[in-house]
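Colleague: Let me give you the structure first, and then I'll get to my questions.
The values are calculated or read from the model by the stated rules, or taken from the named source; none is laboratory data. The model shown is predicted, which means the values in this text are computed figures rather than measured ones. Glycine gets a Cβ as well: all are built from the backbone with ideal geometry, and neighbour counts include every protein chain shown.
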């Protein structure tokens with residue numbers, strides 16, 4: 001009987017031998033059509049010339065990238081100076097995404113640990129509660145957040161009714177509001193990968209460390225964190241990358257002082273007055289930053305596997 005099972009498995013393997021390329025072809029077609037083709041079109045547009053009344057002229061140039069990095073005056077004939085406006089927007093976006101990632105990690109790690117240490121039925125309930133927000137569109141959730149924290153919103157009214165504050169706290173159009181929006185939007189992206197790592201963690205290691213008189217902090221730092229490190233890195237990437245290009249939270253909860261990369265790109269594709277080549281160039285620069293982050297993540301994963 002065992003010989004028959006082995007023979008059957010060998011027959012199935014030989015049936016699909018040499019078909020690996022054809023089986024993966026649909027995946028490559030989807031990736032090529034919905035990812036590589038749009039990115040290629042965006043790359044081409046980033047080298048085109050903006051038409052005065054909108055649209056593009058098929059004249060290839062580096063003008064869009066030059067506009068991002070250099071300021072040549074109103075008529076373009078002044079000596080080139082570094083254009084700090086867009087660089088500051090990129091830096092602000094990186095800073096906002098980094099802070100949001102840190103906050104999500106601070107809250108997400110103990111949350112994931114708590115869920116992973118529950119019993120089966122309770123664990124399912126907590127996972128269900130974590131994923132509930134994704135049943136509602138992100139735009140609706142962001143608008144709801146704006147309604148909640150506005151000067152005359154329920155949060156300020158409740159705090160004043162409790163006597164905690166005497167006048168409303170201004171939160172809309174601030175960095176705090178943007179951070180709150182990013183944190184609320186992407187916290188589950190941090191919790192779920194860490195939960196998956198903690199769920200596979202062997203708790204006997206913690207018990208052994210306790211038997212050897214290791215403190216909880218030492219156990220956390222030298223045993224738990226190295227073990228669940230892949231989940232932490234994955235969670236940080238999943239929060240940082242979408243936060244970097246977010247535009248709903250900055251647009252709806254922030255203001256001019258919280259302008260981020262996503263908002264800058266969105267503005268370039270609005271109406272006939274938009275600058276499509278410049279928007280495409282900014283998109284490609286953002287994509288380059290994301291690829292750098294993902295490359296770093298891949299190297300960290302490779303080091304973790306080798307270690």
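Colleague: For residue 244, are the conditions met, namely being in contact (Cβ under 8 Å) with a residue 12 or more places away in the chain, in contact with a helix residue (DSSP H, G or I) (Cβ under 7 Å, 6 or more places away or on another chain) and surrounded by fewer than 17 Cβ atoms within 10 Å (Cβ to Cβ)?
Modeller: On the way: in contact (Cβ under 8 Å) with a residue 12 or more places away in the chain: yes; in contact with a helix residue (DSSP H, G or I) (Cβ under 7 Å, 6 or more places away or on another chain): yes; surrounded by fewer than 17 Cβ atoms within 10 Å (Cβ to Cβ): no.
The answer is no for residue 244.
Colleague: Looking at this structure, is residue 225 modelled with pLDDT of 90 or more and either farther than 30 Å from residue 145 by Cβ or part of a helix (DSSP H, G or I) (or both)? Outline the logic, then answer.
Modeller: Numbers: modelled with pLDDT of 90 or more: yes; either farther than 30 Å from residue 145 by Cβ or part of a helix (DSSP H, G or I) (or both): yes.
Yes.
Colleague: I would also like to ask the following. When you scan region 41-51, do you find a residue that is modelled with pLDDT under 90, out of contact with any helix residue (DSSP H, G or I) (no Cβ under 7 Å at 6 or more places or on another chain) and surrounded by 11 or more Cβ atoms within 10 Å (Cβ to Cβ), even just one?
Modeller: Checked against the condition, which is being modelled with pLDDT under 90, out of contact with any helix residue (DSSP H, G or I) (no Cβ under 7 Å at 6 or more places or on another chain) and surrounded by 11 or more Cβ atoms within 10 Å (Cβ to Cβ), region 41-51 yields at least one hit.
Colleague: May I ask you to say which residue of 265, 285 is without any contact (Cβ under 8 Å) to a residue 40 or more places away in the chain and part of a helix (DSSP H, G or I)? Don't jump to the end; show me each part of the working.
Modeller: Values: 285 fails: without any contact (Cβ under 8 Å) to a residue 40 or more places away in the chain.
Going through 265, 285 in turn, the sole match is 265.
Colleague: Conditions first: (1) surrounded by 19 or more Cβ atoms within 10 Å (Cβ to Cβ); (2) at pLDDT 90 or above; (3) out of contact with any strand residue (DSSP E or B) (no Cβ under 7 Å at 6 or more places or on another chain). Residue 276 passes all but one, so which condition is the exception?
Modeller: (3)
Quick grid of which residues meet (1) closer than 30 Å to residue 193 by Cα; (2) in contact with a strand residue (DSSP E or B) (Cβ under 8 Å, 6 or more places away or on another chain); (3) without any contact (Cβ under 8 Å) to a residue 12 or more places away in the chain; (4) assigned to a helix (DSSP H, G or I):
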| site | (1), (2), (3), (4) |
| --- | --- |
| 34 | yes, no, yes, yes |
| 47 | no, no, no, no |
| 74 | no, no, yes, no |
| 77 | no, no, yes, no |
| 86 | no, no, no, yes |
| 93 | yes, no, no, yes |
| 101 | yes, no, no, yes |
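Colleague: Considering region 62-72 alone, what residues qualify as being surrounded by 14 or more Cβ atoms within 10 Å (Cβ to Cβ) and assigned to a loop (DSSP other than H, G, I, E, B)?
Modeller: Listed by number, the list holds a single entry, 72.
Colleague: So residue 82 ticks every box in (1) out of contact with any strand residue (DSSP E or B) (no Cβ under 7 Å at 6 or more places or on another chain); (2) at pLDDT below 90; (3) surrounded by fewer than 14 Cβ atoms within 10 Å (Cβ to Cβ) but one. Which box is left unticked?
Modeller: It is condition (1) that residue 82 fails.
Colleague: Got a number for residues in region 180-202 being assigned to a helix (DSSP H, G or I) and either in contact with a strand residue (DSSP E or B) (Cβ under 8 Å, 6 or more places away or on another chain) or over 22 Å from residue 132 (Cβ atoms) (or both)?
Modeller: Within region 180-202, the subset assigned to a helix (DSSP H, G or I) is 180-199.
Remaining after also requiring either in contact with a strand residue (DSSP E or B) (Cβ under 8 Å, 6 or more places away or on another chain) or over 22 Å from residue 132 (Cβ atoms) (or both): 197.
Residues in region 180-202 being assigned to a helix (DSSP H, G or I) and either in contact with a strand residue (DSSP E or B) (Cβ under 8 Å, 6 or more places away or on another chain) or over 22 Å from residue 132 (Cβ atoms) (or both): 1 in total.
Colleague: Moving on to the next point. Residues in region 203-219 that are surrounded by 15 or more Cβ atoms within 10 Å (Cβ to Cβ) and part of a helix (DSSP H, G or I): how many?
Modeller: Qualifying residue count for the region: 3.
Colleague: Looking at region 180-207, which of its residues are closer than 23 Å to residue 258 by Cβ and free of Cβ contacts under 8 Å to residues at least 24 places away in the same chain?
Modeller: none
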